[in-house]
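Asker: Submitted below is the structure of interest, expressed as structure tokens.
No value in this document is a laboratory result; all are computed from the given coordinates. All figures in this text were calculated on a predicted structure; none of them were measured in a lab. FYI the Cβ positions are ideal-geometry reconstructions off the backbone, even for glycines, and counts take in every protein chain you see.
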Amino acid sequence: MIPLEGQVRIPSGCAVSAMISRDGRRMNGESIIESMVPMHDRSNGLGGGFAAYGIYPEYKDFYALHIFFNDRQCQSECMTLLREYFEIVQDEHIKVRKMPQITDEPIIRRVFVSPMQSVLRHLQIDEKELVVRIVNRINAQLDGSYVFSCGKNMGAFKAVGFPEDVGRYYRLEEYEAYCWTAHGRYPTNTPGWWGGAHPFCMLDYSIVHNGEISSYDANRRFIEMYGYKCTLQTDTEVITYIADYLLRRQGLTLEETAAVIAAPFWSTIDAKPEAEKQMYTYLRNVFPSLLVTGPFSIILGFEGGLMALNDRLKLRSMVVGEQGDMVYIASEEAAIRVMAPDIQNIWSPAGGEPVIVRVKEGAF
Amino acid sequence: MKRYVIIGNGTAAAGCIEGIRSADAEGSITVISAENYPVYCRPLISYYLEKKTDLRRMHYRADSFYADNHADVRYGIQATGIDAAAKEIMLDNGGKLPYDALCVCTGSAPFIPPMQGLETVQNKFPFMTIDDALALEKAVTPESRVLIIGAGLIGLKCAEGLHGRVQQITVCDLAPRVLSSILDDKCAAMMQKHLEANGIRFLLGTSAQSFSGNSAVMQNGETVDFDVLVLAVGVRANTAIVKNAGGSVGRGILVDDACRTNLPDVYAAGDCTEYHDISSDSVKVMALMPNAYMQGHTAGVNMAGGAALFDNAIPMNSIGFFGLHCHTAGSQPEGCEMYEEADDSHIKRLFVRDGRLVGFMLIGHMHRTGIYTALIRNRTPLSEVDFARLKIEPQLAALSAEYRDHVLKGAV
Amino acid sequence: MKRIYVKEQWCLGCHLCEYNCAFANSGMTDMVKALRGKQIYPRIQVETGADGVTYAVSCRHCTDPLCVKSCIAGALSKKDGVIEIDHEKCVGCLTCVLVCPYGAVIEDGSGVAQKCELCMKNSCGAPACVKGCPNGAIVYEERGEAK
Amino acid sequence: MNFYPEFEVVRNDSRCIRCRVCERQCANEVHWYDEDGKVMLSDESKCVNCQRCVTLCPTRALKIVKSDCRLRENANYSDQTIKEIYRQAETGGLLLSSMGNPNPLPVYWDKILINASQVTNPPIDPLREPMETRVFLGKKPERITRNPDGTLDTRLAPQLTLSMPVMFSAMSYGSISYNAHASLARAAEALGICYNTGEGGLHEDFYRYGKNTIVQVASGRFGVHKDYLEAGAAIEIKMGQGAKPGIGGHLPGTKAVGDVSKTRMIPEGSDAISPAPHHDIYSIEDLRQLVFSLKEATEYRLPVIVKVAAVHNIAAIASGIARSGADIIAIDGFRGGTGAAPTRIRDNVGIPIELALAAVDKRLRDEGIRNNVSIVCGGSVRSAADVVKAIALGADACYIATAACLAMGCHLCRSCHTGKCNWGIATQRPDLVKRLNPDIGSQRLINLMDAWRHEIKELMGGMGINSIEALRGNRLMLRGVGLTEKELAILGISHAGE
């Protein structure tokens, strides 16, 4: 039997795409789905997915859990667990469009939850930490249940299939987001599993990633010291945890986080002015195990923005386009040209140079 | 442009040319050469007879030597006089040659004492020049019996050179030992024994009293029949040209450490001079090739306006016969201490005076003797060296560590 | 110019330099053939001081070389800083041995003088003693000229 | 009892040119020249097979071979075992040995293979792309802190910065020579790494290499004083040594001469005996006190290393050390070298470094304290591949000593304890010491490390890793061959093919 995600480390190639409105304008998923079409060959039908930010304005104060269940029993088991820690605000099917390209679907639910204050006081943790812990517990311990999205006012949609089909399957044209990211997957030794598709999310962080990192086990073994469990054994998963650890737990800025994950070379650091040199040296010294090597281009989505980052040698393609308030990012220029046919300003960021886009303050 | 004139074309003259050119690339150099050969070193003529060299290899310098040094050599001409006031020399072809600086390198000539009936001898030769050697070579046959008058350096080297080319060689000398000018009795005896073992016959303490055709009657009454006679009694410095010009002359032309004569702008170098021997602190003629070159070079530098001194001259000789070598240097003044080491095949005698090595005689084992020579030349106090070790073997290890460092860790 | 210098601090007194020298100048390609059963006449010689210190002595290629000035045959000359000996011209008078203050010119066993020529004339290319010294006690380098 | 010598000197007389180099170079006086027969002779019973003569013989006329004169074959009682019994029956003493355990115990490095990138991600060419090997050793903060202006507060606990993850491990001045120390110090400086004084103090000539020096404090406290502690870049408390866990050290009085005795601060000619324990450390709390005493003494400027031998419960010991305030743990495996150790101890005590390292790294991660300390592993790290495997298992850096000695000329004859090292390393005899010219010794060390660095880069590049930190603990890059499930589990790696 071919092992699934979580049973074996799975390297894979991929396509990524993203679009964001700096003005916070919300756009439906049509365009992002179309952007994946010219990159069809970068996927192999074993996984596609999207993350969308700003899609649940009416529920923006609640954590939106997107969950796959293998069956009803799993579902009730999981819901029982959730009720121990959260108030369930809404529990619903995620609407899908039946189509021949997408088969073997699990039960797909969307549950809006709110952490119970008594639990937080009892555990002496904040609500985000509670969400992380419970989600990790479900994913690690509850067979047949898998939470694949757990942020506020955002959500991930993923399945086994080509990304453009997955987008239509989830009827993304019916959602409106100020920021979309998309992923098409080309895993090389897995049959594909719904939970293993990307984006990978943790709270409001979502990662789409194209690449195969060589630092995986160094990163994994380090991050697992801090309560994370890399159950899927995918790059995306570990990178998401790294982002969560550095941004949320350590409070690093996006730029600092980029300087850890795709640290500048020592030759570059040593040539910098003293203060910068000290900062970069410090980050590399303190977080050496979070340096990610090997090819990657990732798009990290978060509430209010995104960051695109290439590995420091730029071993994977990634282009950025800008038009008006829109910023587009994709593995290939062709994808951007689908989203913005008239775009003029397209460039290829250097390896290790983060592209950070933030939505205007108060725009959503 | 300065005009340099050199009288003579031996090694002193070559040294003089090289000395001038080390200081002045421009001036004209004119060399007056009585002999019709480019510079060669006279001691080589015995090696020529021995066939260890030939006329071509005997050239002291490369064929392009004169051209390279822009020196004009006038072969076959002799200088007959110096007009020190007019600063010109007279030539035997009637010409005159003006100079700004003149170096006299006239060398020496065989000294032949008056001997009765010498004129009756047909085949008689001095042994100084290539022409002498060529003539002698022509005269000898495998059957020749050769009588050499003089058991000094020239006579014995001649004997060695002729060895194997003639039937019999007899060497006589008025002195009671061979090489009397450089060896003492004991050393001379060893050398004589070795020469005799190689078939040279000696008549010592006696010389030819009279000649009659191919027969000589010795002072001791013995008669020696010979086919070829070589006259190697001794040499005299060619000083006349300077003496006639009013220069100071003793047994040689008197020069100082800068190789100046007492005539203005007239220098002298080589076998024609007498100069200071530091080992005996006396002025003497030291007709030695190394010194000739060094004097010539010193004179040349000074003639060209440089400043050079040759102020550590000592007599020294390296000579060998039939594989047995002999090195001598310095002097053995009265009352010096002697350290000796000797066996059947070698002798080492070191002479020490006033806490300094002043001379040595070595026969047989010629290893690194220059270290001894340097002790004499440098007047090194023996208190600064490990003389006990030095006596056994010349070695830098016996010299001071500072000297050793200086020699081995830097450029010298 | 480059010369051979010794660092007596590192000389082990192993005498390998002498054998390497003798071999390098033997004109042969096999050391055993060149040296076995033969007396060697190396151009570099290891001395031992009273204090047990050892070091190798070879031609200093003097600025003012007495050997060159004293050679009766004109066989010794200094070219490009290297004092060379023309064996064709040498008649074996050993005057050079008598004048060399460092004992660096020696007789080659057949009556002819020889000395270190920095392996410029053999197939070594660089001084064999330096190459073969196991402890870096002999170096070939530039140290400036004598004053 | 008289044995037939262990080694035979085979001299090819048809190649021998009688240069007598062998004779002059043998401190054991094996060779001599017989004037009468004009022939070189040898007394093989003195030969330790150090290969000095073989190496220096200019005509390759010599070889040393193992004698085939054996006792009757016995699979249970080997020749070695029997001879040791004879020797002990004769002397009543314990047997001494030097260098690392030579017995055929498993070498796990050789059963671990390294990954390389193919197709799905690219190997990186170290000739074309930067390939980084710089490491920092020391405690990392739990949390970052910021200055009032919001910038990062970049102050850190003291760190040791290395240009590559290899250091020269402790060898005392006394056990090895002045020139060996000079070679190590100079090489460490040129390479931007560190060497380690060992327990014999620091010769005053080497204070200038302080930035590249780890000063050791061992149970004998030889040569330890304030200036010494302050001279280095780090202080190492030596609790144990892989070659002889559980016992102290012994420098024979014959080696405690001249500057050695001065540097150790002991009378000339007296035996320097380090006790088995530190008599002020009988527990982990005591260790903590010494760690902080040393930090106090040096105003918290220097990281403190605690070096322990790899023994059975090494993971628990390391966990204790990681909480003791120490900045770096050095673990020394049972194949580590020594200048002298009782044979039985060397050959039977301790565990392999590979297993110890894997266990320690895992334990510290399980406890979430891996960032409290850096891990340095030693005890037979023989090549760049071993370094890469060690880093991938979880080490921050490696200590090498035997390999460093080999670079300086050691031929592993394992006779250090005789003090007659023909290569000028493990000796104090001036005529032997001078055989190691630090110009050469340091250059050879530099060459070796340069070569290793190149190889590490090639191996990393092959794995698609361009900085050493991404290799550290990256056990996915390793696979085992011929290992049991248990061994694989301890090493935390999969079997090849998995």
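Asker: For chain A, what does the relative contact order come out to in percent, with C-alpha contacts under 8 Å and a separation of six or more?
Answerer: Taking the mean separation of contacting Cα pairs over the length of chain A, I get 26 percent.
Asker: About the Cα centre, and with charges only on the beta carbon of Lys, Arg (+1) and Asp, Glu (-1), how big is the dipole of segment C:62-115? Nearest 20 debye, please.
Answerer: That gives segment C:62-115 a dipole magnitude of about 140 debye.
Asker: A further question follows. Please average, across the residues of B:287-296, the number of beta carbons from any other chain that are within 10 Å of each residue's own beta carbon, and give a whole number.
Answerer: The per-residue average across the peptide is 4.
Asker: Of A:M116, B:Q192, B:L399, whose Cα points farthest to the positive end of the dipole of the protein assembly as shown (charges on the beta-carbon: +1 Lys, Arg; -1 Asp, Glu; origin at the Cα centre)?
Answerer: Going by the charge dipole, the pick is A:M116.
Asker: Moving to a separate point now. If you project the alpha carbons of segment B:124-217 onto the principal axes, what extent comes out on each, in Å, largest first?
Answerer: 36, 26, 24
Asker: Could you pull out every one of the aspartates and glutamates with an alpha carbon less than 18 Å from that of A:K314, ignoring same-chain neighbours closer than 8 positions?
Answerer: A:E212, A:D235, A:E255, A:E332, A:E333, A:E353, D:D125, D:E129, D:E132
Asker: In Å and whole numbers, how far do the C-alpha atoms of chain B stretch along each principal axis, longest first?
Answerer: Result for chain B: principal-axis Cα extents of 61, 59, 36 Å.
Asker: Longest span of chain C, sites excluded, free of GluC sites (Glu not before Pro) in DSSP loop with at most 12 other C-beta atoms within 10 Å?
Answerer: The answer is C:1-87.
Asker: In whole Hz and in residue order, list the ³J(HN,Hα) couplings for segment D:475-481 that follow from phi through the Karplus curve 6.51 cos²θ - 1.76 cosθ + 1.60, θ = phi - 60°; x for Gly and Pro.
Answerer: 6, 4, 7, 10, 9, x, 10
Asker: At a Förster distance of 30 Å, what's the computed FRET efficiency of D:Y282 paired with D:L94, Cβ-Cβ distance as r, to 0.05?
Answerer: The computed FRET efficiency comes out at 0.75.
Asker: For segment B:323-409, treating each Cα as an identical point scatterer without solvent, what Debye log10 I(q)/I(0) comes out at q = 0.12, 0.14, 0.24 1/Å?
Answerer: Results for segment B:323-409 at q = 0.12, 0.14, 0.24 Å⁻¹ read -0.34, -0.46, -1.25.
Asker: Quick one: work out the % antiparallel among DSSP beta bridges in the protein assembly as shown, nearest 5.
Answerer: For the protein assembly as shown, the DSSP antiparallel bridge percentage is about 70.
Asker: From Cα pairs below 8 angstrom and at least 6 apart in sequence, can you work out the relative contact order of segment D:135-495, rounded to a whole percent?
Answerer: Over segment D:135-495, the number comes to 19 percent.
Asker: Could you check the spin-label model distance between B:E137 and A:T103? Points 7 Å from the Cα along Cα→Cβ, value in nm.
Answerer: 11.4
Asker: In what sequence do A:E256, D:E73, D:E204 fall when counting other Cβ within 10 Å, fewest first?
Answerer: Least crowded to most crowded, the residues run D:E73, D:E204, A:E256.
Asker: Indicate, rounded to the nearest 5 percent, the antiparallel portion of the DSSP beta bridges found entirely in segment B:111-235.
Answerer: 35
Asker: I've got another one for you. More than 35 angstrom separation, counting every C-alpha pair in segment D:135-495; what % is that?
Answerer: Summing the P(r) of segment D:135-495 above 35 Å gives 19 percent of all pairs.
Asker: Taking only the alpha-carbon atoms of chain A, what semi-axes of the equivalent ellipsoid follow from 5 times the gyration tensor eigenvalues under a square root, in whole Å, largest first?
Answerer: After diagonalising the Cα gyration tensor, the semi-axes are 29, 25, 20 Å.
Asker: For a distance above 20 Å, tell me the whole-number percent of Cα pairs in segment D:7-93 that qualify.
Answerer: Percent of Cα pairs beyond 20 Å in segment D:7-93: 45.
Asker: Going by how many other Cβ atoms sit within 10 Å of their own, how do B:Y37, A:Y280, C:Y19 line up, fewest first?
Answerer: B:Y37, A:Y280, C:Y19
Asker: Could I ask something else about it? Calculate the spin-label point distance for D:E204 paired with D:L229, positioning each point 7 Å from the Cα along the beta-carbon direction, and give it in nanometres.
Answerer: Distance between label points: 2.2 nm.
Asker: Evaluate peptide C:15-22: per residue, the Cβ atoms of other protein chains within 10 Å of its Cβ; return the mean as an integer.
Answerer: That works out to 3 on average.
Asker: What list do you get for D:C416, B:C259 if you sort them by fewest beta carbons within 10 Å?
Answerer: Ordered by Cβ neighbours within 10 Å, fewest first: D:C416, B:C259.
Asker: Under a Cβ-only charge scheme (Lys and Arg +1, Asp and Glu -1), can you give me the dipole magnitude of the protein assembly as shown about the Cα centre, in debye to the nearest 20?
Answerer: Dipole about the Cα centre, nearest 20: 1320 debye.
Asker: Run through the DSSP bridge list for segment D:135-495 and note the antiparallel percent, rounded to the nearest 5.
Answerer: If I count the DSSP bridges inside segment D:135-495, around 20 percent turn out antiparallel.
Asker: If I take R0 = 41 Å and measure r between the Cβ atoms of D:D271 and D:K211 in this structure, what FRET efficiency does the formula 1/(1 + (r/R0)^6) give, to the nearest 0.05?
Answerer: Efficiency, from the Cβ-Cβ distance: 0.80.
Asker: Under 5 Å between amide H atoms, partner at least 5 residues away or on a different chain: which partners does D:C194 have, H built in plane at 1.01 Å?
Answerer: Here the answer is D:F168, since their amide H atoms fall under 5 Å of that of D:C194.
Asker: Here is a follow-up. Report the paramagnetic label zone for A:Q141: residues of segment A:83-121 whose backbone N is under 11 Å from a point 7 Å from Cα along the Cα-to-Cβ axis.
Answerer: Residues passing the 11 Å test: none.
Asker: Ok, one more. Residue farthest toward the positive end of the dipole of the protein assembly as shown, with Cβ of Lys/Arg at +1 and Asp/Glu at -1: which of D:P106, A:L300, D:G339?
Answerer: My answer, from the dipole projection, is D:P106.
Asker: What share of all Cα pairs of the protein assembly as shown, in percent, falls into each consecutive 20 Å distance bin?
Answerer: With a bin width of 20 Å, the distribution comes to 9, 25, 22, 18, 15, 8, 3, 0.
Asker: Moving to a separate point now. Over segment B:323-409, what is the relative contact order in percent, taking alpha-carbon pairs closer than 8 angstrom and at least six residues apart?
Answerer: With pairs under 8 Å counted, the relative contact order is 24 percent.
Asker: ³J(HN,Hα) across segment A:112-117 via Karplus (A = 6.51, B = -1.76, C = 1.60, θ = phi - 60°), whole Hz, x for Gly/Pro?
Answerer: 8, 10, 9, x, 7, 4
Asker: Hey, another quick one. Checking the cross-link filter: which aspartates and glutamates have an alpha carbon closer than 17 Å to that of D:K111, excluding same-chain neighbours under 8 positions apart?
Answerer: Reachable aspartates and glutamates: D:E354, D:D386, D:E485, D:E487, D:E498.
Asker: Can you list the residues, at least 5 places off or on another chain, whose amide H is less than 5 Å from the amide H of C:G103, using H built in the peptide plane?
Answerer: B:G370, B:I371
Asker: Hey, another quick one. For A:K229 and A:Q90 in the same chain, what is the full-extension length gain: residue separation times 0.36 nm, less their Cα-Cα distance, in nm?
Answerer: Working it through step by step, the gained length comes to 47.3 nm.
Asker: If you don't mind, another one. Could you sort B:249-257, A:203-211 so that the peptide with the highest average Cβ count within 10 Å comes first and the rest follow in order?
Answerer: Final packing ranking: A:203-211, B:249-257.
Asker: Additional query: Rounded to a whole number of µm²/s, how large is the Stokes-Einstein D of segment C:62-115 at 20 °C and 1.002 mPa s, given Rh as the Kirkwood radius over C-alpha pairs?
Answerer: 198
Asker: Ok, one more. Using 31 Å as the Cα-Cα cut-off, could you pick out the over-long pairs in D:K362/D:K457; C:K7/D:K420; B:K96/C:K78; D:K211/D:K262; D:K66/D:K434; B:K52/B:K193?
Answerer: Correct reply: B:K96/C:K78.
Asker: So, one more: Can you compute 3J(HN,Hα) from phi for each residue in segment D:285-293, using the Karplus curve 6.51 cos²θ - 1.76 cosθ + 1.60 with θ = phi - 60°, rounded to whole Hz and x for Gly and Pro?
Answerer: 5, 5, 4, 4, 5, 5, 3, 6, 4
Asker: Here's something else I'd like to know. Taking every residue in A:219-227, how many Cβ atoms of other protein chains lie within 10 Å of its Cβ, on average?
Answerer: Across the residues of A:219-227, the mean count of other-chain Cβ atoms within 10 Å is 4.
Asker: Which FRET efficiency value, to the nearest 0.05, do you get for D:R70 and C:K38 by plugging their Cβ-Cβ distance into 1/(1 + (r/R0)^6) with R0 = 41 Å?
Answerer: Computed FRET efficiency for D:R70 and C:K38 comes out at 0.50.
Asker: Return the long-range amide H neighbours of A:E87 (sequence gap of 5 or more, or a different chain), with a cut-off of under 5 Å between placed amide H atoms.
Answerer: When sequence neighbours closer than 5 places are left aside, the close amide H contacts are A:S114, A:M116.
Asker: Here is a follow-up. Have a look at D:V119, D:G92, D:V39 and report the one farthest towards the positive end of the charge dipole of segment D:34-124, computed about the Cα centre with Cβ charges (Lys/Arg +1, Asp/Glu -1).
Answerer: D:V119
Asker: How far apart, in nanometres, would the label points at D:D431 and D:H312 be if each is projected 7 angstrom from Cα along the Cα-to-Cβ direction?
Answerer: 5.0
Asker: What do the square roots of 5 times the Cα gyration tensor eigenvalues come to for segment D:135-223, in whole Å, largest first, as semi-axes of the equivalent ellipsoid?
Answerer: So the equivalent ellipsoid measures 32, 14, 11 Å along its semi-axes.
Asker: Follow-up question, since we're still on this one. Per 5 Å bin, what is the whole-percent P(r) computed from every C-alpha pair distance within segment B:266-314?
Answerer: Computed distribution, short to long bins: 5, 24, 32, 24, 12, 3, 0.
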